Structures are given as structure tokens and as C-alpha cells.
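Starting off with a structure, shown below.
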Amino acid sequence: MKPTMSDETVAEERAEFRSAILAAGLLVATGVDGLYQRSGKFERVVRAVEALASRSAGDKGGSQYYFSPIMAREAFERTDYLRSFPDLMGAIEVFQGGDDEHARLLRAADQGQEWSQYLTLAEVALCSAACHPLYSSLTGTLPAGGGNFEVQGYCFRHEPSLDPVRMQSFRQHEFVYVGEPDAALQHRDRWLDRGLDLLSGLGLDVQAEEANDPFFGRAGRMLAANQRATALKYEITCPVSSSEVRTAITSANCHESHFGDSFGIFTADGKPAHSACIGFGLERITLALIKRHGVDPASWPSEVRGKLWP
Ligand code: ZN
């Protein structure tokens, strides 16, 4: 398909935004599309956004966990990510051979040949969503009323892109509820409103939109249609690297009993637990703030600075 004038404008604006961020030293390019190192200046905003989200929960955020970027492969398989998003996942391979295999591996590497044939799948995998490592810790019966959790973790999505909002490795700061079906829906809706307030308070042009995940393949089209029909997923969108295209900077999801069934989590009355989460995309929100207020956080409006650094 021939790109339209508008496609070209969007691509140009994205490229300009990327150059501005790199020139200001906020992010450092690595030579791999979608992989950046963060400067102290960028990270300071990330941590302020995290703290603001955390404060907005009052004392109701629940138990806090900071997850490792990798999780047990057995738990990863239970999330069903392999079935729904095989094109986005990241597996980890390790070397477990002896001297002979090592020699063959080095020979292949020295000759610039494929050497992954000498590796085997590890017992760990890269996390795809910040809440995934939570569920295996909840297997069993929940206390009456379920539980609230505030979690953060690095997520991996294999979708290399020059658009700075589409990183391969990024953090989500999530508020998760696991328990009764009605309470799960209420959790998502309450947090969607709270998220809109929080982000519009930072001067961002945000709105909530019904959304659906990019499920893979033919079976995935059915899953996507079902997710749309049942309005399980909402996103808070905002123009980030392009003023013409809105990007999701936060998403609020109801999983019904998906994780309850997969991980054997039951409510106090013995039914499969429902769950819901809202995930604040920390890098994306930071980029949205940079796009809106400029590359120097020291010169952002005092009202915005006051909220981020009270
Ligand atoms: Zn989640």
C-alpha cells in the first residue's frame, strides 16, 4: 500500500521526536530498534510518575511487589501468552552442554553462524506483563473479599520499531485486584477514572477508549472479537510521538476468571477468582509528558512539577 500524505507526516513527526529525545540525552540509542538506555533525567520523571500513581491509591493499593524482569517458564506458560501473542514473547535459552558442544558453539560464533542450536530453553522466560508473576503466588484460596496488589516490573514485547513509544523493554506500574467478579469490574472502572484524573492533571490530553489486544492468528481474531464484545479492556490514550495518532499510555483490563482458572486461585466461597488490573506505562507516560511540555523537565509548568515533585 502506498503511504498517504498523513502517514508520511506521522512518520516525520515520530522521527523528529525521537531525534529530539536522543539529542537531549533523555534516552540513549543502542543500535537495536526499540531498545534504549535511560538517562538519570528520564528516570527521575519515571520515578515521579510511579510515586504519583502510588500516592493516588491512598493506603488502598495493597501489598507492593517489584518483580524481576524474568519469571518461571512454567508460570509464563500458564498465562497463555504463548497461545495468544507468540509474536511478542521472549524466551530465554541457556548453554548446558559439555566441552564438545562448547567448542562447536564457539566455532559457529567465530564463523558468524547461527549458534542457538547449542542452547536449550531455560526454566525462566521474560515477563510480558507486570502482573503475570503475581498469579502463581496466589494459587489456593483467597481471603474473603479477595486481595489488592501494587506491582511493578519490566515487560518484554518483541515489536522492534523506530517509534520511541514502542519499546521492546519497558515498565508497567500496576494495581491489581484478585477476587470476586463484581469487585474486579469495579476495580477496573474506579482505576480508569482515577487514571484519567491523574494524567489529565499532568496536562496530558487523555481519553478512555475501548480497546482490544493484538491476539495472534486466526484463533486470535475470535479472541479479539470476544474481548471487544464484552468490553473487557480499556485504554487511556494520548498523542505522544505523533499529534495525529493516539497511543495507549495506560490500560485497564478485566481478565474474568482467566488467571483464576489457569493458576488455581479460588475465592473464599470456592469459585475461580476473577482479576482486573490497571497498568500505568511508565516510559510512555514519561514520553507523553516530554512531548507535551518539552525535553527539559526543569522548565515544565510549575503546576505539573508540583504534582510530580511535591
Ligand atoms: Zn496486568
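The values are calculated or read from the model by the stated rules, or taken from the named source; none is laboratory data. Fair warning: this is a prediction, and the values are worked out from it, not measured in the lab. Here Cβ is always computed from backbone atoms with ideal geometry, including for glycine, and neighbour counts include all displayed protein chains.
Of the residues that make up region 252-268, is at least one of a type in the set (Val, Ile, Thr), more than 28 Å from LEU138 (Cβ to Cβ) and more than 16 Å from the ligand (Cβ to nearest atom)? Don't jump to the end; show me each part of the working.
So in region 252-268, the residues of a type in the set (Val, Ile, Thr) come out as 265, 267.
Now narrow it down to the ones that are more than 28 Å from LEU138 (Cβ to Cβ): none.
The answer is no; no qualifying residue exists.
Here's a follow-up. Give the residues of region 113-144 that are within 16 Å of the ligand (Cβ to nearest atom) and in contact (Cβ under 8 Å) with a residue 12 or more places away in the chain, sorted by residue number.
LEU126, CYS127, SER128, ALA129, ALA130, CYS131, HIS132, PRO133, LEU134, TYR135, SER136, LEU138
Something else about it: Test GLU244 against the stated conditions and say whether it is among the acidic types (Asp, Glu), modelled with pLDDT of 95 or more and either over 30 Å from LEU162 (Cα atoms) or assigned by TED's automatic domain parsing to the domain that holds ARG166 (or both).
Considered against the rule, which asks whether it is among the acidic types (Asp, Glu), modelled with pLDDT of 95 or more and either over 30 Å from LEU162 (Cα atoms) or assigned by TED's automatic domain parsing to the domain that holds ARG166 (or both), GLU244 comes out as no.
I'd like the residue in region 135-167 that is in a strand (DSSP E or B) and among the β-branched types (Val, Ile, Thr) and, out of all such residues, is farthest from GLY281 (Cα to Cα).
For region 135-167, the residue satisfying everything is THR141.
Among (1) within 16 Å of the ligand (Cβ to nearest atom); (2) closer than 25 Å to GLY25 by Cα; (3) not in a helix (DSSP H, G or I), where does ARG284 come up short?
The number of the failed condition is (3).
Identify, from the list GLY270, GLY279, GLY306, the residue that is of a type outside the set (Asp, Glu), more than 21 Å from VAL151 (Cα to Cα) and not in a helix (DSSP H, G or I).
Testing whether each residue is of a type outside the set (Asp, Glu), more than 21 Å from VAL151 (Cα to Cα) and not in a helix (DSSP H, G or I) leaves just GLY270.
Okay, residues lined up against (1) more than 24 Å from ARG14 (Cα to Cα); (2) not small (Gly, Ala, Ser):
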residue: LEU232; (1), (2): yes, yes
residue: SER242; (1), (2): no, no
residue: SER251; (1), (2): no, no
residue: HIS274; (1), (2): yes, yes
residue: CYS277; (1), (2): yes, yes
residue: GLY281; (1), (2): no, no
residue: ASP296; (1), (2): no, yes
residue: TRP309; (1), (2): yes, yes
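Go through region 53-80 and give me each residue that's within 21 Å of THR286 (Cα to Cα), more than 18 Å from the chain's Cα centre (by Cα) and in contact (Cβ under 8 Å) with a residue 60 or more places away in the chain. Steps first, please.
Initial filter on region 53-80 (within 21 Å of THR286 (Cα to Cα)): 53-57, 66-67, 69.
Still in the running and more than 18 Å from the chain's Cα centre (by Cα): 55-57.
Across region 53-80, the qualifying residues are SER56, ALA57.
Restricting region 168-212 to residues that are part of a loop (DSSP other than H, G, I, E, B) and not small (Gly, Ala, Ser), which is farthest from the ligand (Cβ to nearest atom)? Working first, answer last.
So in region 168-212, the residues part of a loop (DSSP other than H, G, I, E, B) come out as 168, 180, 201-206, 212.
Pick out the ones that are also not small (Gly, Ala, Ser) and you get 168, 180, 202, 204-206, 212.
Details: GLN168: 18, GLU180: 18, LEU202: 22, LEU204: 21, ASP205: 25, VAL206: 19, ASN212: 15 Å.
Of everything passing the filter in region 168-212, ASP205 is farthest from the ligand (Cβ to nearest atom).
Let me ask something else about it. Suppose we filter region 147-167 for residues that are under 19 Å from ALA125 (Cβ atoms), away from the ligand (no atom under 16 Å from the Cβ) and crowded, with 20+ Cβ neighbours inside 10 Å; how many remain?
Selection size over region 147-167: 1.
Would you check if ARG221 is surrounded by 14 or more Cβ atoms within 10 Å (Cβ to Cβ) and basic (Lys, Arg)?
no
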